[in-house]
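Since the structure comes first, as structure tokens, the remarks are kept for the end.
The values are calculated or read from the model by the stated rules, or taken from the named source; none is laboratory data. Remember, predicted model here, so these are calculated numbers, not experimental data. Heads up, the Cβs are rebuilt from the backbone with ideal geometry, glycines too, and the neighbour counts pull from every protein chain shown. To get the accessible areas, we keep the full protein, side chains included, count just its heavy atoms, and leave off ligands, DNA and RNA. Shrake-Rupley method; radii C 1.70, N 1.55, O 1.52, S 1.80 Å.
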Amino acid sequence: MDTWTNNFPYRRVTVTGGAGFLGRYVVERLKDVPGVEVFVPRSRDYNLVENDNVKRLLDDARPDLVIHLAAVVGGIGHNQKNPGRFLYENLMMGTQLIEQSRLRGVRKFLALGTVCAYPKFTPVPFKEDDIWNGYPEETNAPYGLAKKMMLAQVQAYREQYDFNGIFLLPANLYGPCFSGDTEVLTVEGIRNIKDVKVGDLVYTLNPDTHRYEISAVTATQRTVTKEFFCFKGTGVDFKVTPDHKMYYKTSTGFVKREAEHFRDRAGKQYGQIVLAHHHVETPLRVFYPTHISLEPYIDSSHVVYREESRVRDHRHSHSKKVPFVFEPRPFIDFLGWYIAEGSVATHQFSKGGRQSVADLPSGQIRIAQRRQQNQDNYERIEETLSRLLVSYGKDDYSFYFKSRLFINFIGEEVGFGSRQKRIPKFVFGPGFPQELRQALFDSLMAGDGNKDGRRFTTSSTGLKDDFIWLCFLLGKKVGRVRRTEEGCWRIHLRQSRLNNTVKYRDITVEPAENEEAYCISTERNHIIFAGRNNKLNWIGQCDNFDLETSHVIPALIRKCVAARRAGATSIEAWGTGDVSREFLYVEDCADAVLRAAALYDEPLPVNLGNGREVFINDLVVTIARMTGFRGEIRWQPAKPNGQPKRQLDITRAREKFGFV
């Protein structure tokens, strides 16, 4: 930890835009500072364009430091479409926050500006004294001017009211991935990360509440790497690029840090990190659907008695009536017992033949259970079948009954053979009651789990994945998952401590020969649930790759990846490519912001950058090569280039608060 954080002079800090690209990293760093309370207002709770909302925010948070990062912003195209909105909303947010902070005696206000505030033809490298020497580049001018007004305001307020406001000017920001064998938990089940598409729904962790949410994938990316960081433990297996975020617990709370942070710790004898586990609603909600219906599985050969909600397999008098509408609890109990102990027996199956559902009119459903060895389970199964109102037989080894209706359902939703079984997808739906999921879990564990509830065994790979998914939804922690020599899956569950750990000695750095790496971004950019070798945990997040709202690097990555996947022979790039930009890594910018907050108290604006100029033509060629796109880059000179050149003089940041 930097020495300046040990003497951080503020205790109550409000960070507007704290859930945004830069804000996330600023908030993470603040959580490492002893004694600091961080408040991050959400836009749904505080619309900072409205003055009453600004007043309420400051009254609720009572900060002694405000770090104002919130902005309405996008790339060149987005700026061109929204000049009035960008001017008004950014101007209102900044003006009102500064005024209300002054009135409430906030000790310090840090305003984050933009390099777009500089005049269009500023001499390179940009010096802070040149910021008023001309009009900004036209496509970004409304946004740049709105942000620059905060500089005028904090300087005027310092002169008249002795208000401590500072103004920073960052360069273009960029940020960050998983190996190709990584799996991600989606609402359709566990998928390889390479198969996850834009628009897919995945489970994400809200870092504020530590509850899981469902978010849409907004972008996917593929790149190459020469190095992976590997994190392994009893229930952990990640293989990520050095710039990917690890989400883990420290003494001051959960943080997100690059894997690179652990380079010097990898292989050390002592030390460990603790990964997150999500919360679920407790106690479980006692809420049932009114019924579970098998009506969709009635076929044309059934004799239907709708007034009784029953069917018969045949018109023959020996064919028994079977309900097709059931109470939820006994049906779910039956489902668990069938998945764990059930089979469908026919003459064809006993001879080893493979038959379709239509070939099983005389099939018999059996649930195996030895009366003498498992008296309690035997009685539970009998009670379940009785509550289902089906006519069944039994002996000392099993229960059995005939129903083509049940066989149709089992064939489509569950599977016949032990290696084909799975949990029906409706169990995982967002509206399905937790109480019923728990009942299914209990039946599965009673059938194929050991007595202490620490292990579940199945020969079905699909059921293995579904059981891990079910445990996730119930807030149960899966530890080790292994395959036996006989081909069965053994899933071990944690009973007490739910947070997996990785010891430093189990962190390794492995070289790679331009190996592909993959990642996804979600609509709220929350943390995703992913891992390797059936060991899934909450891991981290990536950049914003939306073509409308993202900046140049992520937008170019997305264009190149999309073109390569579509087999396109070319991509279009705006402008001529002969303009330049300066890029600052987002975590470095977060460090600079907090250094300035702690150490800088002067009226002069300060540039934040690395002092290196990059030409866009070279950048596009590099990104195309790294994403595997080999087609033509078609420049569009009719499209705006934006500012001709950008490179910052960073002398003042180095001298005033030691940012290098």
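Looking only at the range 401-448, which residues are outside any loop (DSSP other than H, G, I, E, B) and open to solvent by 60 Å² or more (accessible area, probe 1.4 Å)? Explain how you work it out, then say what you get.
Quick first cut of the range 401-448, residues outside any loop (DSSP other than H, G, I, E, B) only: 401-402, 404-413, 425-428, 434-448.
Once the filter is applied, which keeps residues that are outside any loop (DSSP other than H, G, I, E, B) and open to solvent by 60 Å² or more (accessible area, probe 1.4 Å), the range 401-448 yields 402, 412, 425, 426, 442.
Search the range 490-500 for residues being in a loop (DSSP other than H, G, I, E, B), open to solvent by 20 Å² or more (accessible area, probe 1.4 Å) and not hydrophobic (A, V, I, L, M, F, W, C), and hand back the single one that is farthest from residue 380 (Cα to Cα). Steps first, answer last, please.
Filtering the range 490-500 for residues in a loop (DSSP other than H, G, I, E, B) gives 494-500.
Filter once more, so that each one left must be open to solvent by 20 Å² or more (accessible area, probe 1.4 Å): 494-499.
When the remaining residues are screened for being not hydrophobic (A, V, I, L, M, F, W, C), the result is 494-497, 499.
Values: 494: 26, 495: 24, 496: 27, 497: 30, 499: 33 Å.
The extreme case among them is 499.
Looking at the range 623-660, which of its residues are surrounded by 16 or more Cβ atoms within 10 Å (Cβ to Cβ), under 30 Å from residue 595 (Cα atoms) and among the charged types (D, E, K, R)?
Across the range 623-660, the qualifying residues are 645, 646, 649, 652, 656.
Please give the strands (runs of 3 or more DSSP E) falling wholly within the range 209-299 in which 2 or more residues are at pLDDT 85 or above. Step through it out loud before you land on a result.
On the way: elements: 212-233, 236-240, 245-250, 253-258, 272-275.
Ranges flagged: 212-233, 236-240, 245-250, 272-275.
Under the condition of being out of contact with any Leu (no Cβ under 6 Å at 6 or more places or on another chain) and part of a loop (DSSP other than H, G, I, E, B), which residue from the range 594-609 is nearest to residue 33 (Cα to Cα)?
Across the range 594-609, the extreme among qualifying residues is 600.
Specify the residue that is farthest from residue 69 (Cα to Cα); the eligible residues are those in the range 162-208 that are outside any loop (DSSP other than H, G, I, E, B) and touching a Cys at 6+ places or on another chain (Cβ under 7 Å). Show your work before the answer.
Of the residues in the range 162-208, the ones outside any loop (DSSP other than H, G, I, E, B) are 165-170, 172-174, 178-179, 183-186, 189-195, 201-205.
From what is left, the residues that are touching a Cys at 6+ places or on another chain (Cβ under 7 Å) are 170, 173, 178.
Values: 170: 11, 173: 13, 178: 29 Å.
Only one residue fits best here, namely 178.
Return a yes/no flag: does the range 463-473 have any residue that is in contact with an Asp or Glu (Cβ under 7 Å, 6 or more places away or on another chain) and surrounded by 14 or more Cβ atoms within 10 Å (Cβ to Cβ). Let's see the steps before the verdict.
To start, the set of residues in the range 463-473 that are in contact with an Asp or Glu (Cβ under 7 Å, 6 or more places away or on another chain) comprises none.
No, there is no match, as no residue in the range 463-473 is in contact with an Asp or Glu (Cβ under 7 Å, 6 or more places away or on another chain) and surrounded by 14 or more Cβ atoms within 10 Å (Cβ to Cβ).
Considering only the range 5-48, state which residues are open to solvent by less than 20 Å² (accessible area, probe 1.4 Å) and more than 24 Å from the chain's Cα centre (by Cα).
Within the range 5-48, 5, 8, 10, 13, 14, 33, 48 qualify.
So which residues in the range 433-467 are small (Gly, Ala, Ser) and under 29 Å from the mean Cα position of the chain (by Cα), if there are any at all? Walk me through how you get there before you give the answer.
To start, the set of residues in the range 433-467 that are small (Gly, Ala, Ser) comprises 439, 443, 446-447, 449, 453, 459-460, 462.
Within the range 433-467, 439, 460, 462 qualify.
Starting from residues that are over 21 Å from residue 583 (Cβ atoms) and polar (S, T, N, Q), keep the ones in the range 140-161 and report whichever is least open to solvent (accessible area, probe 1.4 Å).
It comes out as 153.
Do we find a residue being farther than 30 Å from residue 644 by Cα and surrounded by 22 or more Cβ atoms within 10 Å (Cβ to Cβ) anywhere in the range 130-139? Lay out the reasoning, then the answer.
So the first thing to find is which residues in the range 130-139 are farther than 30 Å from residue 644 by Cα, and the list is none.
No, the conditions are met nowhere in the range 130-139.
Could you check residue 457 against (1) open to solvent by less than 10 Å² (accessible area, probe 1.4 Å); (2) outside any loop (DSSP other than H, G, I, E, B); (3) closer than 22 Å to residue 377 by Cα and say which number it fails?
Exception for residue 457: condition (1).
Answer with yes or no whether residue 487 is open to solvent by less than 20 Å² (accessible area, probe 1.4 Å), under 23 Å from residue 419 (Cα atoms), modelled with pLDDT under 95 and assigned to a loop (DSSP other than H, G, I, E, B).
Values: open to solvent by less than 20 Å² (accessible area, probe 1.4 Å): yes; under 23 Å from residue 419 (Cα atoms): yes; modelled with pLDDT under 95: yes; assigned to a loop (DSSP other than H, G, I, E, B): yes.
When the stated conditions are applied, residue 487 passes them.
Could you give every pair whose Cβ atoms fall below 6 Å, whose first residue belongs to the range 180-196 and is more than 23 Å from residue 513 (Cα to Cα), and whose second residue is in a loop (DSSP other than H, G, I, E, B) and open to solvent by 10 Å² or more (accessible area, probe 1.4 Å), counting only separations of at least 6 or pairs across chains?
So the pair list comes out as 186/200.
Would you check which residues across the range 176-190 are more than 9 Å from residue 530 (Cβ to Cβ) and either within 14 Å of the chain's Cα centre (by Cα) or of a type in the set (A, V, I, L, M, F, W, C) (or both) and list them? Please lay out each step first, then the result.
Quick first cut of the range 176-190, residues more than 9 Å from residue 530 (Cβ to Cβ) only: 176-177, 179-181, 186-190.
177, 186, 187, 190, listed by residue number.
Are any residues in the range 250-265 open to solvent by less than 30 Å² (accessible area, probe 1.4 Å) and more than 22 Å from residue 33 (Cβ to Cβ), and if so, which ones?
259
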